[in-house]
Structures are given as C-alpha cells and as structure tokens.
Amino acid sequence: MKVTVVGTGYVGLVTGACLSEMGNHVMCLDLDERKIRILNEGGIPIHEPGLDVIVKRNVAAGRLQFTTDVAAAVAHGTIQFIGVGTPPDEDGSADLQYVLAAATSIGRLMTDYKVIVDKSTVPVGTADKVRAAVKAALAARGRGDMDFAVVSNPEFLKEGAAVEDCMRPDRIVIGADDERAVLLMRSLYTPFMRNHDRMQVMDVKSAEFTKYAANAMLATRISFMNELALLAERVGADIEAVRKGIGTDPRIGTHFLYPGTGYGGSCFPKDVKALIHTGRENGMHLSILQAVEDVNERQKQVLVNKIVAAFGENLAGRSFALWGLAFKPNTDDMREAPSRVVIEALASRGATIRAYDPVAMPEAARVLEGTPGLSFVGSQSEALAGADALVIVTEWKEFRNPDFDSIKATLKQPLIFDGRNLYDPKLMAMLGIDYRAIGRAA
Ligand SMILES: NC(=O)c1ccc[n+]([C@@H]2O[C@H](COP(=O)([O-])OP(=O)(O)OC[C@H]3O[C@@H](n4cnc5c(N)ncnc54)[C@H](O)[C@@H]3O)[C@@H](O)[C@H]2O)c1
C-alpha cells in the first residue's frame, strides 16, 4: 500500500519504517528540514534501538522516502497518518495546532480518496475537528464533495523499545465509523498480527480516550509507588521488598511499579495534564489524576532534597558526578527528563556537575545549553573524579554493576544518591558506601 506519514519524529519515523518493512511504500513528511536532511544523508535523528537497520534497508529497497514536500506527500499515500506533536498548552490542554495544520494541508492538496489517521495522542473529539478542517479546506477549493475518512489509531509504542513494540504490538486500536477505512486499516496491519488478531475496532471517541486512559493508568502506578516509597522511608520499610511483595499478585503485576525520581518523557506529563483538562472542560475534577500529578511534582525533587539534606542549601564549591541524562534508558529523549530538574537545582545552588550518559549527551547539551557548572564527560569514571558524590538518574544497564572499589577510590567520599534503586543497600553498607536510594530505610 502507499502510505504517507506526516511528522517524522519518534512516532512517525518508527511507524513509517516498520510499515515499509512490511512491503508498503512509505513517504515520511516533516517540515523540519534538518531532520529530513539527516535522514536523506543516511543518518537517524533520534536514538532508537534497531531503527537504523530497518530505515537503511527500506530506503535502499526504495520503499521508504523522506521529504519536506507537502504536495508530494499528500499525493503519495491513500493512507495519511498524522503523527505530529501535541504539546501541552498553557492550561494543560493538548495543543492541536500541528494536527489541524496537517489536516488542512491534506484537504488543500488531496485529489482522491484518503484515509486520514490520527496517530498523535489527541483528546476526545479531535477526529471531528480534523474532519472539519479537511472539509473546510476542500470546500475552499470548491471540492467539498470529495470523499475521505478520518480514523483514530493511537500509538502505544515505548521509546527505547519502539521498533519492537511497533513490529509486535500488544493491540492495535482503530476508532472508525467507515467500513472502507476499517478494511484498509485491517489490511495495512494484518502483517503485524499473523499469529492472532490484535485489532480492536471501536468508535472514534473511545479510541481517542483509550490512549489517555492507558497513560493515565501507568502514571498512576508510578505515583502510587513513589508516594508509598516516601512512607516506607519514614516507617523503616524497604519499598523494593514491598514492590516484589505486591507485584507477584497477578491482579497487580510487576510492570510500572518502580519507585524513582518521578515520571518524565514526552507523554505521561502532558497526557495526564490533558486528561485533567478534559475533565475540567466537562465539569469534572479528576481527583485521582490530580493527585498523580501532584505526587509526581513532589517526587521530582526527592533526589535534590536528599542532596540538600546532606550538604546544605549552599552547594558552591561542591561537585557531583551524574550518571544518566535521558528520561529513561535506550533513548536520547530529554523531554521532561528528571535529570533536568536535578541539574538545574544543583547548578542554581552553585554546584558543578560532570554528567555522563551513553547516548543522550548531544541532546542534553542542546537542551541544557548555558547551564552554569555543567559539563559532559566521555565515561562513567571520568564523571566520578574528585566529585563529592555520585547521583544516578537513569537506569542504563551499564550502571547496574559498576566497579564499586573504583567508585570509592575516585569520589571524595563514598556517597551515592540513587534515584533508581539499582544497588543492594546491604552490599553498599558492607562496602562502606553511604547509599541513599528511594524508599529504602537505612
Ligand atoms: N514519543 C512517544 O513515545 C509517543 C508514544 C505514543 C504516542 N506519542 C504521540 O505521538 C505524537 C508525536 O510524538 P513524537 O514524540 O513523535 O513527537 P516529535 O516531536 O518527535 O515529532 C513530531 C514531528 O512532527 C513534525 N511536524 C509538526 N508539524 C508538522 C506538519 N504540519 N507537517 C509535517 N511535520 C510536522 C515536527 O517537526 C516533528 O518532527 C504526540 O501526539 C505524542 O503524544 C508519542
């Protein structure tokens, strides 16, 4: 099939690449010339495991192209995915300007039947707005009679495992009220569900809602554990033991129960806010989600509070080694990364920070440009040299079993603030390391 993907970011690029891997001819459009130039020169603008291989293979096979040419992109695909950003507006609502601009361009330029698919995370009712934008653009050209369908197909991929999630989805949610469009979507996705049908067809509003409900539930689990972690510290319990104790109950399950420095990334913070806003617009105070957000705001400060408790408010002359910048492992995404809160808090108190991350340093250097006292180093050990303490913010695998003797020998004093609970407190005590983690009583 011929497919166009509008917006070649984390979602658009992965979706386009995976669809081309199944034999479709895919054109990825972006207005960001830098991104398209990188792709056309054989590079990949983001870090996502396995993505480079399938992009290269399908570009070489002539099934995957990248362009900034809107007219060519609209002409190309019968199916037009919209995968542009939906950042939070000032009031927390999802800003739909990019989605609606994309819809308008399609309406302005289409010359035959199109299935327009909202893949961006968008509030309930957005498909109606997309339909209206396309209709208005068609009417303005005197082509108000032209047929098209609007479908909701929310994306559930996880950054860091996006290719795997896209190739082997748990479920494919399709919100549509147009049989022809459902048939086309089914045939597009059939190669991704050879062993059993994973497609759930529902009405458009329920599909739009499903994405927010999923992210809200996951964020809730994280905030729940973060709140209990704080209590565990006070009552002398170990939240890691508690996590295992509850996770083995199949009604609860083990996923997304890790206490830490608060959820970040490009999705949970904005999606929780947007759902709270949708509640407000509909006369409802979503008290659970408000608490989820409040707990997360508090949790983002937890590492900073521990550092300040150890060294005092004035950190001038102090130096910290920081391991992990990306909001989670296996990505270079720095959007709403907890490391940013920690770095800004330490820098504003006069500390110097030597940071190391296996892949996110270029992106971190871009978003944290001008932060006083911050530098990036080429290895974990370089970050440690002469630092007052080690601060761990992202749970990259390579941080899980470091050389503790060399950590002890390199730091000014053996002190670790661990925002990811990577180590065994008993082992740390045995090694003589002062270990301050999340929710683990001394
Ligand atoms: N990143 C994730 O893990 C993830 C997962 C599921 C859903 N989502 C949702 O998918 C959407 C996209 O997220 P993302 O992380 O890929 O964003 P992104 O910022 O990485 O990519 C969006 C891209 O769209 C481009 N763009 C904007 N307007 C355009 C237009 N009119 N025409 C062409 N290109 C345009 C931007 O230049 C940018 O490259 C969001 O709604 C997000 O909530 C993201």
Enumeration of residues in the stretch 179-204 that are polar (S, T, N, Q) and either within 16 Å of the ligand (Cβ to nearest atom) or at pLDDT 95 or above (or both)
SER187, THR190, GLN200
Looking at (1) assigned to a loop (DSSP other than H, G, I, E, B); (2) crowded, with 21+ Cβ neighbours inside 10 Å; (3) away from the ligand (no atom under 12 Å from the Cβ), can you tell me which one VAL84 breaks?
(3)
For the stretch 254-281, give me each residue that is within 14 Å of the ligand (Cβ to nearest atom) and either part of a loop (DSSP other than H, G, I, E, B) or aromatic (Phe, Trp, Tyr) (or both).
TYR263, GLY264, GLY265, SER266, CYS267, PHE268
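Would you mind stating whether VAL367 is surrounded by fewer than 19 Cβ atoms within 10 Å (Cβ to Cβ) and in the same structural domain as ALA429 (by TED's automatic domain parsing)? Show your work before the answer.
Working: surrounded by fewer than 19 Cβ atoms within 10 Å (Cβ to Cβ): yes; in the same structural domain as ALA429 (by TED's automatic domain parsing): yes.
It is true that VAL367 is surrounded by fewer than 19 Cβ atoms within 10 Å (Cβ to Cβ) and in the same structural domain as ALA429 (by TED's automatic domain parsing).
Test ASP91 against the stated conditions and say whether it is assigned to a loop (DSSP other than H, G, I, E, B), more than 19 Å from ILE116 (Cα to Cα) and either assigned by TED's automatic domain parsing to the domain that holds ARG335 or more than 12 Å from the ligand (Cβ to nearest atom) (or both).
Values: assigned to a loop (DSSP other than H, G, I, E, B): yes; more than 19 Å from ILE116 (Cα to Cα): yes; either assigned by TED's automatic domain parsing to the domain that holds ARG335 or more than 12 Å from the ligand (Cβ to nearest atom) (or both): yes.
It is true that ASP91 is assigned to a loop (DSSP other than H, G, I, E, B), more than 19 Å from ILE116 (Cα to Cα) and either assigned by TED's automatic domain parsing to the domain that holds ARG335 or more than 12 Å from the ligand (Cβ to nearest atom) (or both).
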The stretch 265-289 residues that are small (Gly, Ala, Ser), paired with ones that are in a loop (DSSP other than H, G, I, E, B) and more than 16 Å from the ligand (Cβ to nearest atom) (beta carbon under 8 Å, 6 or more apart):
GLY279/HIS285; GLY279/LEU286
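Can you give me the ranges of the helices (runs of 4 or more DSSP H) entirely in the stretch 24-80 with at least 2 residues that are without any contact (Cβ under 8 Å) to a residue 24 or more places away in the chain and either in contact with a Ser or Thr (Cβ under 7 Å, 6 or more places away or on another chain) or not hydroxyl-bearing (Ser, Thr, Tyr) (or both)? If you could, list the steps in order and put the result at the bottom.
Details: elements: 33-40, 51-60, 70-76.
The helices (runs of 4 or more DSSP H) meeting that bar are 33-40, 51-60.
Residue-wise test of (1) under 27 Å from GLU313 (Cα atoms); (2) out of contact with any Leu (no Cβ under 7 Å at 6 or more places or on another chain).
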| site | (1), (2) |
| --- | --- |
| TRP323 | yes, no |
| ASP333 | no, yes |
| ARG349 | yes, no |
| THR352 | yes, yes |
| THR394 | yes, no |
| LYS397 | no, yes |
| LEU422 | yes, yes |
| TYR435 | yes, yes |
| ALA441 | yes, yes |
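Taking the stretch 4-34 only, how many residues are of a type in the set (D, E, K, R), within 12 Å of the ligand (Cβ to nearest atom) and within 28 Å of LEU184 (Cβ to Cβ)? Before you say what the answer is, go through the steps one by one.
The initial filter retains those residues of the stretch 4-34 that are of a type in the set (D, E, K, R), namely 21, 30, 32-34.
Keeping just the survivors that are within 12 Å of the ligand (Cβ to nearest atom) gives 30, 32-34.
Add one more test, that the residue is within 28 Å of LEU184 (Cβ to Cβ), and what stays is 30.
Residues that pass the stated criteria total 1.
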(1) out of contact with any Ser or Thr (no Cβ under 7 Å at 6 or more places or on another chain); (2) closer than 23 Å to MET428 by Cα; (3) in contact (Cβ under 8 Å) with a residue 40 or more places away in the chain all hold for LEU346 apart from (2)
Failed condition for GLY42, given (1) surrounded by 15 or more Cβ atoms within 10 Å (Cβ to Cβ); (2) touching a helix residue (DSSP H, G or I) at 6+ places or on another chain (Cβ under 9 Å)
(1)
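When you go through ALA162, ALA137, ALA102, ALA207 one by one, which is the residue that is within 16 Å of the ligand (Cβ to nearest atom), of a type outside the set (D, E, K, R) and outside the structural domain of GLU21 (by TED's automatic domain parsing)?
Selected residue: ALA207, the only one of ALA162, ALA137, ALA102, ALA207 that is within 16 Å of the ligand (Cβ to nearest atom), of a type outside the set (D, E, K, R) and outside the structural domain of GLU21 (by TED's automatic domain parsing).
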Contacts under 8 angstrom Cβ, first residue in the stretch 392-415 being basic (Lys, Arg), partner assigned to a loop (DSSP other than H, G, I, E, B) and surrounded by fewer than 12 Cβ atoms within 10 Å (Cβ to Cβ), 6 or more apart:
LYS408/GLY432; LYS412/GLY386
Return the total of residues in the stretch 37-47 being within 23 Å of the chain's Cα centre (by Cα), more than 9 Å from the ligand (Cβ to nearest atom) and under 27 Å from GLN97 (Cα atoms).
4
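For ALA61, state whether it is over 22 Å from VAL163 (Cα atoms) and either at pLDDT 95 or above or surrounded by 16 or more Cβ atoms within 10 Å (Cβ to Cβ) (or both).
Numbers: over 22 Å from VAL163 (Cα atoms): no; either at pLDDT 95 or above or surrounded by 16 or more Cβ atoms within 10 Å (Cβ to Cβ) (or both): yes.
Taking the combined requirement at face value, the residue does not satisfy it.
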Residue match in the stretch 282-292 (condition: closer than 18 Å to ALA213 by Cβ, surrounded by 12 or more Cβ atoms within 10 Å (Cβ to Cβ) and of a type outside the set (A, V, I, L, M, F, W, C)):
yes
Let me spell it out: the conditions are (1) under 17 Å from GLU159 (Cβ atoms); (2) part of a helix (DSSP H, G or I), and GLU382 meets all of them except one. Which number is the exception?
(1)
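How many residues are within 24 Å of the chain's Cα centre (by Cα) and over 20 Å from LYS273 (Cβ atoms) if we restrict to the stretch 65-102?
Of the stretch 65-102, the ones within 24 Å of the chain's Cα centre (by Cα) are 66, 80-102.
Within this subset, residues satisfying the condition of being over 20 Å from LYS273 (Cβ atoms) are 66, 80-83, 101-102.
Qualifying residue count, the stretch 65-102: 7.
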Filtered residues of the stretch 95-113 (kept if more than 17 Å from ASP69 (Cβ to Cβ) and surrounded by fewer than 24 Cβ atoms within 10 Å (Cβ to Cβ)):
ASP95, LEU96, GLN97, TYR98, LEU100, ASP112, TYR113
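Any chance you could count how many residues in the stretch 244-253 are aliphatic (A, V, I, L, M) and in a helix (DSSP H, G or I)?
Our first condition is that a residue be aliphatic (A, V, I, L, M); within the stretch 244-253, this holds for 246, 252.
Next, only the ones that are in a helix (DSSP H, G or I) stay: 246.
Residues flagged as aliphatic (A, V, I, L, M) and in a helix (DSSP H, G or I) within the stretch 244-253 amount to 1.
The values are calculated or read from the model by the stated rules, or taken from the named source; none is laboratory data. Only a predicted model underlies this, so the values are computations on that prediction, with no experimental measurement involved. Ideal geometry is used to build each Cβ from the backbone, glycine not excepted, and the neighbour counts take in all protein chains shown.
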